[in-house]
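No value in this document is a laboratory result; all are computed from the given coordinates. Here the structure is a predicted model, which is why all the values come from computation and not from measurement. Cβ: placed from backbone, ideal geometry, glycine included. Neighbour counts: every protein chain shown.
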Amino acid sequence: MLTIPTSIAEEMIAHARKLDPHECCGILGGKDHTVSQHYPITNILANLSEDELGRFDGPKLSDLKQLSPEERADIAFQMDSQEMGKALRDIRDKSISLQAFYHSHTFSPARPSQTDITIAMEFESYREKLNLPEPLHLIISLLDKSSPDIRAYRIVNHESLEIRTILT
Ligand SMILES: [Zn+2]
């Protein structure tokens with residue numbers, strides 16, 4: 001179970017709508033499965049043109065280039081690492097903990113894609129070195145623009161399991 005204040009859910013939806021058709025992303029901090037802090041993070045892919053994507057020298061991005069545009073649209077987010085570090089430091093300074101990573105799906109349901117699962121497993125492989133708790137993965141779907149859908153998942157052993165979210 002993950003409890004999210006309605007105000008933070010509304011902020012995330014506003015962030016998702018602002019970046020649509022690009023995906024938004026961010027981090028949620030809190031305590032005991034209750035979110036209290038929202039950190040929108042810049043999606044560095046949203047600001048890159050097709051050409052810039054080609055020049056970008058990252059292993060994940062070279063993989064992205066091999067995907068079809070549809071597949072890429074589904075996974076096209078990468079958090080700015082400096083902002084991510086800053087948010088994680090703020091979470092530590094506030095004596096709360098990482099609760100979830102979130103991103104939006106602009107054209108698909110609020111379910112992790114195969115690539116979302118791969119990225120989450122990559123993160124799992126070095127998470128303990130960063131001394132971070134296992135985050136849930138939250139997806140905000142704008143498939144139905146008038147009624148955004150927010151769902152949370154645990155991603156373990158290459159499988160996703162939906163976790164109930166409660167808005168308060
Ligand atoms: Zn996704």
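Across segment 126-141, computed HN-Hα scalar couplings (Karplus, 6.51 cos²θ - 1.76 cosθ + 1.60, θ = phi - 60°) run 10, 4, 5, 5, 8, 6, 10, x, 5, x, 7, 10, 9, 10, 10, 9 Hz from first to last residue, x flagging Gly and Pro.
Strictly over 28 Å apart at the Cα level, which of LYS18/LYS129; LYS31/LYS129; LYS86/LYS145 would you flag in this model? Display every interim value, and only then the final one.
On the way: LYS18/LYS129 34 Å; LYS31/LYS129 21 Å; LYS86/LYS145 31 Å.
Correct reply: LYS18/LYS129; LYS86/LYS145.
The HN-Hα couplings worked out from phi for segment 5-14 by the Karplus form 6.51 cos²θ - 1.76 cosθ + 1.60 (θ = phi - 60°) are x, 3, 4, 6, 4, 5, 4, 5, 5, 5 Hz, whole numbers, x standing for Gly and Pro.
The distance separating the Cα centre of segment 116-168 from that of segment 1-35 comes to 12 Å. In segment 146-168, which residues have a backbone nitrogen under 19 Å from the label point lying 7 Å from MET121's Cα in the Cα-to-Cβ direction? Residues passing the 19 Å test: 153-162. Put simply, the amide H of ILE41, placed in the peptide plane, has neighbours under 5 Å in CYS25, GLY26, ILE27, leaving out anything fewer than 5 places away on its chain.
Note the direction-averaged projected area, equal to a quarter of the hull surface, for the Cα convex hull of segment 89-168, in nm². Average of the hull's projected areas for segment 89-168 equals 6.3 nm². For THR165, the amide hydrogen comes within under 5 Å of the amide hydrogens of LEU2, ALA152, counting only partners 5 or more places away or on other chains and with H modelled in the peptide plane.
Arranged from fewest to most other beta-carbon atoms within 10 Å of their beta carbon, SER125, SER160 become SER125, SER160.
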